[in-house]
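The values are calculated or read from the model by the stated rules, or taken from the named source; none is laboratory data. Remember, it's a predicted structure, so these values are computed and weren't measured experimentally. Neighbour counts run over all protein chains shown; Cβ positions are idealised from the backbone, glycine included.
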Amino acid sequence: MLKTGLEVPPANPMVTVCVCCGHEDLYIQKDFNRQAGLLIVGLGIALSLYFFSRRDPFYAMAALALTALIDFLVYFFVGDVTVCYSCHALYRGFDKNPLARTIRFEEIGEIRRPGRLDLAFSEARI
């Protein structure tokens, strides 16, 4: 206990509720920049198309295999991050919450988003 009477939080507490918006709907995703991932895949495809245009299918397939290997390594070496479905707040360095699953895109529409996003969705239907 500190002198103020507050307890010291555990080293890596688990996120159960979003502190930004109060929602309990959380999901887990890899903590990797999506634009960087798309760049890696795009470069692999471009390199493969270059080798295909030069009629060298071995190197074209090798470029795709290298891209897949890089993706595989990123998947296993990059950590996870907890994200709020509602406000998209990121929580790094916390223990993994067993109730938070990987993202399910079909559930996103069922979760109400507060504020301006609700207005944007209602205006789109008019």
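Side notes on the structure shown:
- Lone unmet requirement of (1) surrounded by 12 or more Cβ atoms within 10 Å (Cβ to Cβ); (2) at pLDDT 85 or above for Gln35: (1)
- Members of region 25-67 that are under 30 Å from Asn97 (Cα atoms) and of a type outside the set (A, V, I, L, M): Asp25, Tyr27, Gln29, Lys30, Asp31, Phe32, Asn33, Arg34, Gln35, Gly37
- Residue in region 14-24 that is at pLDDT 85 or above and of a type in the set (D, E, K, R) present: no
- Residue within region 43-54 that is more than 30 Å from Val83 (Cβ to Cβ) and touching a Pro at 6+ places or on another chain (Cβ under 9 Å) present: yes
- Residue match in region 73-96 (condition: in contact with a Lys or Arg (Cβ under 6 Å, 6 or more places away or on another chain), surrounded by 15 or more Cβ atoms within 10 Å (Cβ to Cβ) and either at pLDDT 90 or above or not polar (S, T, N, Q) (or both)): yes
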